[in-house]
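FYI, it's all coordinate maths here, none of it is from the lab. Fair warning: this is a prediction, and the values are worked out from it, not measured in the lab.
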Amino acid sequence: MLKLNFSPFPLLQTERLTLRKINIEDAEGIFALRSDDRVNQFIDRPKAHSVEDARNFINQIRNRGSNNELLYWAITQKKNGDLIGTIVFWNISPEEERAEVGFELLPDYQGQGLMKEALLRVIDYGFNQLGLHMIEALPEEHNEKSLALLEKTHFVKDDRYNHAFQNPESNFKTVRFTLLNAR
């Protein structure tokens, strides 16, 4: 069973990125992500309508992080510190030693390998520091970029759980991918 303590918050680095704790100063960047129709197309959540919505979201995330419920990283570029996306471990099950990963990236930064870089670092942290046995992802079934990224990072589609989550109001359906720790 995992013993979760996210204090101090894990700062992660890659060649081009810094993954750090989200803070209230990120409200403009979070608003840009959560209000962009291209990002929200494959995420079943309410669209942000104001920077205040983003601030409220950040406060909720920080509270849940303080309670060791999730790890929510701001993905920033090393060269300028700009927030370009987020990546999260959530739905963490200490008993089953598993967590769900979710991620989003501003469209201007997609197709450059940045999310793969971030995801590989988070996977490494999850397996080697947190002690996870399994990481799962539940992308929307038509999100081709996320599906391809998961396959490139060795996640395996679990056909037993097609449409693990369905929202009939939005026609949102997920598929399940898993990655096992080879320890």
- CD proxy at 222 nm, helix term only [per DSSP H run n ≥ 4: -39500 (n - 2.57); per residue of the chain; nearest 500]: -8000 deg cm²/dmol
- Item | Difference of contour (0.36 nm per residue) and Cα-Cα distance, Trp90 to Asn63 | 8.4 nm
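Over the chain, calculate the relative contact order: mean separation of alpha carbon pairs under 8 Å at least 6 apart, over the residue count, as a percent. Present the calculation step by step, with values, prior to reporting the outcome.
Details: 305 pairs, mean separation 35.8, N = 183.
Across the chain, relative contact order equals 20 percent.
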